[in-house]
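Participant: Dropping the structure in here first, questions after.
The values are calculated or read from the model by the stated rules, or taken from the named source; none is laboratory data. Only a predicted model underlies this, so the values are computations on that prediction, with no experimental measurement involved. Neighbour counts are summed over all protein chains in view; Cβ atoms, including those assigned to glycine, are modelled from backbone coordinates with ideal geometry.
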Amino acid sequence: MKFIAIFALLLITEGTMAQDPHFSQFFSSPMTLNPAFTGKFDGQVRLAGNYRNQWPTINRAYITGTASVDFPILANHIPSTDTWGVGLMGYTDKSAAGAVAFNYFSLSTAYHKGLDEDGYKQLGLGFQATYSNMLINTSKLTFEDQLSSDGTFSMPTQEVFNNATLKANYFDLNAGILYTVSTTDKNNFYAGVSLYHINRPKQEFTGINYNLYPRATLHAGGYFPASEDITVHLSGLYSTQAGAHEILLGGAAQFLVGNPNVENPVSVYGGAWMRFGDALIPYIGLEFSGLRVGATYDINISDLKTASESRGGVEVSLIYIVRHPESKGLPCPKF
């Protein structure tokens, strides 16, 4: 019975991991989208954080969070039109009310080669190495034989785990390419492709193992001024992994609400993205003094909308960029 229970749990886990954890605000989680985004920003240091609670009407079904930092290096030893970035990221994904947890630690690097004399066109290549571990806290698991007549899981179970914590780990390799171009200092456009789990790492657990399928993503976006005080941002992606596909398209308008001539004007954002066949994703954001905070609320439109009550996920993001007083002000991808 113990082996059967573990095997069933792993099958459920494998099904949920057929597609990697993802963010509706993919544009605010650069190093889970494409390692080539490492160092691709106008500043000295970029801090980013993301939190997602998937299906909040189901008790802690999936909770995902990241924290990352990246920065350019050796600026005085490479051409002024080039950028070399290095980044670190921590990433956690918990499910089944915290009983199952995946934890990741990544080291990324990317080199962006300038293709013109001003650095307005760059081609970047990035790589990311990741250490991953999986934990199952058996003390938080419940089984069918624990279900009592009052609907609670208060009966003793016949499964014997001795409250053990079961563990597994693996190393992973990811890579990506990113092309960016600007025609003025008011716009920027980009396109990229990334491939995660290049080495198809083997996940082994209590004698059961399977290889993690690669995840390929095509993504693009850009921004341009619509008026003196309004900028339009558009972005989208197509991602595929193990037969699962995801398409997101949408955009947001940026409204200047402060003096546009100051160094860090205040902006507010409003827009929406669509995950086709799954959710409508309204977005609001605020930016000031190098900090951008964004919030989305997935409105589920798939067959799961009855169970989820049309709520697919609450998500919050932040990006803080420390800029040098003598920054070149080069446009960089934003959404």
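Participant: Looking for something over 20 Å from the mean Cα position of the chain (by Cα) and closer than 22 Å to Leu178 by Cα - is there at least one such residue anywhere in region 208-231?
Facilitator: Scanning region 208-231, I find at least one residue that is over 20 Å from the mean Cα position of the chain (by Cα) and closer than 22 Å to Leu178 by Cα, so the answer is yes.
Participant: Somewhere in region 245-254, is a residue buried (at least 20 other Cβ atoms within 10 Å of the Cβ), more than 30 Å from Ile198 (Cβ to Cβ), modelled with pLDDT of 95 or more and in contact with a Phe, Trp or Tyr (Cβ under 8 Å, 6 or more places away or on another chain)?
Facilitator: yes
Quick grid of which residues meet (1) loosely packed, with under 15 Cβ neighbours inside 10 Å; (2) of a type in the set (Asp, Glu); (3) in contact with an Asp or Glu (Cβ under 7 Å, 6 or more places away or on another chain); (4) under 19 Å from Leu178 (Cα atoms):
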{"residue": "Asp70", "(1), (2), (3), (4)": "no, yes, no, yes"}
{"residue": "Gly87", "(1), (2), (3), (4)": "no, no, yes, yes"}
{"residue": "Ala110", "(1), (2), (3), (4)": "no, no, no, yes"}
{"residue": "Lys121", "(1), (2), (3), (4)": "no, no, no, yes"}
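Rundown of residues vs (1) buried (at least 16 other Cβ atoms within 10 Å of the Cβ); (2) in contact with a Cys (Cβ under 7 Å, 6 or more places away or on another chain); (3) within 25 Å of Gly313 (Cβ to Cβ); (4) at pLDDT below 60, yes/no style:
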residue: Ile12; (1), (2), (3), (4): no, no, yes, yes
residue: Pro21; (1), (2), (3), (4): yes, no, yes, no
residue: Ser28; (1), (2), (3), (4): yes, no, yes, no
residue: Gly65; (1), (2), (3), (4): yes, no, yes, no
residue: Pro79; (1), (2), (3), (4): no, no, no, no
residue: Thr83; (1), (2), (3), (4): yes, no, no, no
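Participant: Do you know which residues across region 186-196 are farther than 9 Å from Ala175 by Cα and crowded, with 21+ Cβ neighbours inside 10 Å?
Facilitator: Listed by number, the residues that qualify are Asn188, Tyr190, Gly192.
Participant: Continuing with this model, one more query. Taking the condition at pLDDT 85 or above, out of contact with any helix residue (DSSP H, G or I) (no Cβ under 8 Å at 6 or more places or on another chain) and within 25 Å of Thr184 (Cβ to Cβ), does Val257 pass?
Facilitator: yes
Participant: To continue, here is another question. Could you look through region 292-326, keep only residues that are in a loop (DSSP other than H, G, I, E, B) and closer than 21 Å to Gly258 by Cα, and pick out the one that is modelled with the lowest pLDDT?
Facilitator: Pro325
Participant: What are the residues in region 275-291 that are in a strand (DSSP E or B) and buried (at least 19 other Cβ atoms within 10 Å of the Cβ), if any?
Facilitator: Those that are in a strand (DSSP E or B) and buried (at least 19 other Cβ atoms within 10 Å of the Cβ): Arg275, Ala279, Ile281, Tyr283, Gly285, Glu287.
Participant: I would also like to ask the following. Does at least one position in region 112-125 carry a residue that is farther than 20 Å from Ser235 by Cβ, within 22 Å of the chain's Cα centre (by Cα) and in contact (Cβ under 8 Å) with a residue 60 or more places away in the chain?
Facilitator: Yes, the conditions are met somewhere in region 112-125.
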